[in-house]
Amino acid sequence: MGIDFYYIAGSTPCRSVLMTCKAAGVELNLKGVDLQNGEQKEAAFTKINPMQLVPAIDDNGFRMGESRAIMGYICGKYAPDSPLYPKDLQKRATVDEMMYFDIGHFGKSIGDYVLPQVFRKQPADKEKESAMKEALDKLNRVLAGKQYATGNTLTVADFCLATSLTLADAVPVQYNLKPWNNVATWFQRMKNLPYFTECNKAYYEFAKKMTSK
């Protein structure tokens, strides 16, 4: 039957869930939500997620929102032995650490810098760029000697960080990652995943469309 997944295709957290499910081999019933027309505020969706946010899931009556919580739930129920979200407490704590780093610092700083350029066609803000560079410095140090964010094994933390970084990779920014060699190498490794393009192409297409307006 699969899990009902309420989402918008270009959303960064929605794309993280999509990548998790592809990696874990979990089937989703994709249900797009029309945020522009306020579908998230209608009674039917509010029953799914009272917070009126995407992503959200309905797994045979079990409903929840928040992408990172969804990713942990899906791995725990459908791929409990997968290293994507490891059982070992210390390994899992390291994955959680990187996901929190993404939501609180890495992804936030990228969004603060990029999204005003995409949505409002504002010029690049040097102060916000400085904050993003600081976040890239941090991730570059974390990735030293590693293939992935928490070691040499792919985890859900990599999906969160990579989808955040797509914001800076797409037009109009297309940020040069050469000063952060560890980040650049890791990001290319992520882009080489067989499901990366499928899960992320909607944002690249959206950013291109917004830039051409």
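The values are calculated or read from the model by the stated rules, or taken from the named source; none is laboratory data. Please read these numbers as outputs of a predicted model, since none were measured by experiment. Cβ atoms come from the backbone with ideal geometry, glycine included; neighbour counts cover every protein chain shown. Quick note on the areas: whole protein, heavy atoms, side chains included, nothing else; ligands and nucleic acids left out. Shrake-Rupley method; radii C 1.70, N 1.55, O 1.52, S 1.80 Å.
Residues in the range 64-81 that are over 22 Å from Ser164 (Cβ atoms), in a loop (DSSP other than H, G, I, E, B) and either open to solvent by 20 Å² or more (accessible area, probe 1.4 Å) or touching an Asp or Glu at 6+ places or on another chain (Cβ under 9 Å) (or both): Pro80, Asp81. From the list Tyr148, Tyr175, the one residue that fits, being within 22 Å of Gln122 (Cβ to Cβ) and at pLDDT 95 or above, is Tyr175.
Scanning the range 38-63 for residues that are within 22 Å of Ile74 (Cβ to Cβ), part of a loop (DSSP other than H, G, I, E, B) and open to solvent by 20 Å² or more (accessible area, probe 1.4 Å) yields Pro50, Met51, Gln52, Leu53, Val54, Asn60, Gly61.
Screening Leu177, Leu165 for residues that are in a loop (DSSP other than H, G, I, E, B) and either touching a residue at least 24 places away in the same chain (Cβ under 8 Å) or surrounded by fewer than 16 Cβ atoms within 10 Å (Cβ to Cβ) (or both) leaves exactly one candidate, Leu177. Hey, does the range 36-45 have a residue that's in contact with an Asp or Glu (Cβ under 8 Å, 6 or more places away or on another chain) and touching a residue at least 40 places away in the same chain (Cβ under 8 Å)? No; the residues of the range 36-45 include none that is in contact with an Asp or Glu (Cβ under 8 Å, 6 or more places away or on another chain) and touching a residue at least 40 places away in the same chain (Cβ under 8 Å). Taking the range 5-29 as the range and being over 16 Å from the mean Cα position of the chain (by Cα) and open to solvent by less than 40 Å² (accessible area, probe 1.4 Å) as the test, the residues that pass are Val26, Leu28.
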